[in-house]
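One structure is given here, and the rest of the page talks about it.
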Amino acid sequence: QVQLVESGGGLVQAGGSLRLSCAASGRTFSTLAMGWFRQAPGKEREFVAGIAWRFAATYYADSVKGRFTISRENAKNMVYLQMNSLKPEDTAVYYCAASRSIPTPSREQYDYWGQGTQVTVSS
């Protein structure tokens, strides 16, 4: 079993930055693919970024490419999402997720989810 706890959300002005953190429990963290998703009010939960356990290969949604960076520290069981040049449309609840497969954009492939952290970007 893996438990995930996100932190680092908050209110920021457009153009600003935030760093989200996800703390994972469980001894299998280093073999899990990790992902960040987000869900805005009235919208579907969407893939933001993913990182593989092997070689830390990364994947991004087109909407955040060049602005967001996902990274992981296996020794600390942590995953991060550095968000720069934030836009009002980035406002959402951000969720950390873990997959025993690959960091696919499909949320159905993720086995564990955190409770989410709110990110609000004001214009």
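The numbers here are math on the coordinates, done by the rules we state, and not lab data. Computed from a predicted model, the values in this text were never measured in an experiment. Here Cβ is always computed from backbone atoms with ideal geometry, including for glycine, and neighbour counts include all displayed protein chains.
Each residue, Thr31 and Glu73, gets one label point 7 Å from its Cα in the Cβ direction; the gap between the two is 2.4 nm.
When you count, for each residue, the other Cβ atoms within 10 Å and take the mean per peptide, how do 62-69, 45-52, 92-99, 108-115 rank with the highest first? Write out the running numbers ahead of the final one.
Numbers: 62-69: 14.2, 45-52: 20.6, 92-99: 23.0, 108-115: 16.1.
Going from most to least packed, we get 92-99, 45-52, 108-115, 62-69.
With only the Cα atoms considered, the stretch 1-79 has a convex hull volume of 113 Å³ per residue. Each Lys or Arg adds one and each Asp or Glu subtracts one; over the other residues with Cβ under 13 Å from the Cβ of Val2, this totals +1. Label positions at Glu89 and Thr58, each projected 7 Å from the Cα along the C-beta direction, are separated by 2.1 nm.
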